[in-house]
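Accompanying notes for the structure given below.
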Amino acid sequence: MAAGIRRVEATTGASALAMINDQLQEFHEVARQLRTQPEGGMVEKAVLGLLEEKKSLEKELSRLKSKLASGQGQDLASQAEDVKGAKVLAAMLDGADAKTLREAVDRLKSQLKSAAIVLGAVHDGKVSLIAGVTNDLIAKVKAGDLVNFVAQQVGGKGGGRPDMAQAGGTEPAKLAGALQTVKSWVEERV
């Protein structure tokens, strides 16, 4: 086609009428499923209501996940092991997403004061990992190196800042074993 020329496709006659009838039937079916009338903008109002409800439920879910991680985080702090004066913690948080893991690592870092932490979770068949290192240890232990060490064992890779890093992986079955290697890795460096 030459520049400035546009192709126009049109449906006319009986096929245009059939196409409009099909679309109208679909619209009426959507209205029926939304339990509303197809006239007067009621379908649009119902869809907007559903979108608002979805947004509200997502916020509530995020809040509950954070609360769950906070509760698990309290329990996890007591599981931290002492390595040459620093606390080392590697654990799984069931059902946590990356945001929840980050929040839990932040809370644990402030609780444990001097620590290297790796938290992992499996979500939708994928591994999420977050590592956190308190400021007093980052000269010896970098969160990016630590999370990458664990991620390589679960078929992934990652990185980040010296105090906080994130990674992913594709082999959830290997996560528990990979987390068990964290203590010895940190021990070699502190």
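Annotations for the structure displayed:
- Of the accessible area of the range 58-140, computed with a 1.4 Å probe over protein heavy atoms only, carbon and sulfur atoms account for 51 percent.
- Computed about its Cα centre, the charge dipole of the range 66-190 is approximately 240 debye, with only Lys, Arg, Asp and Glu carrying charge at their Cβ.
- In straight-distance terms, cross-link reach from Lys142 covers every one of the aspartates and glutamates whose alpha-carbon lies under 16 Å from its own, apart from those fewer than eight places away in the same chain; here that gives Asp106, Asp163, Glu187, Glu188.
- Environment charge at Ala151 (Cβ cut-off 15 Å; Lys +1, Arg +1, Asp -1, Glu -1): +2
- Over 31 Å (Cα to Cα) - which of Lys59/Lys84; Lys87/Lys157; Lys54/Lys87 fall in this group: Lys59/Lys84; Lys54/Lys87
- For the chain, averaging the sequence separation of C-alpha pairs within contact (under 8 Å, six or more residues apart) and dividing by the residue count gives a relative contact order of 14 percent.
- The residues neighbouring Lys109, those whose beta-carbon lies less than 10 Å from its own, together hold a net charge of +1 under the Lys/Arg +1, Asp/Glu -1 convention.
- The range 36-63-the range 116-183 distance, computed between alpha-carbon centres (Å): 38 Å
- Helix-derived mean residue ellipticity, 222 nm - over the chain, DSSP H n ≥ 4, -39500 (n - 2.57), to 500: -16500 deg cm²/dmol
- Within the shell of other residues whose beta carbon sits under 15 angstrom from the beta carbon of Glu171, the net charge comes to +2, with Lys and Arg scored +1 and Asp and Glu -1.
- Using a Förster distance of 35 Å, the FRET efficiency for Gln79-Lys140 (Cβ separation, nearest 0.05): 0.95
- Accessible area (Å², per residue) of the chain, counting only protein heavy atoms and a probe of 1.4 Å: 61 Å²
- Ordering of 79-85, 179-185 by packing is 179-185, 79-85, highest average first (other Cβ atoms within 10 Å, averaged per residue).
- For the peptides 111-118, 162-169, residues were scored by their other Cβ atoms within 10 Å and the scores averaged per peptide; the highest-first order is 111-118, 162-169.
The values are calculated or read from the model by the stated rules, or taken from the named source; none is laboratory data. Bear in mind the structure is a predicted one, so any value in this text is a computation, not a measurement. Cβ: placed from backbone, ideal geometry, glycine included. Neighbour counts: every protein chain shown. Protein only, heavy atoms only, side chains kept; ligands, DNA and RNA dropped before computing areas. Shrake-Rupley method; radii C 1.70, N 1.55, O 1.52, S 1.80 Å.
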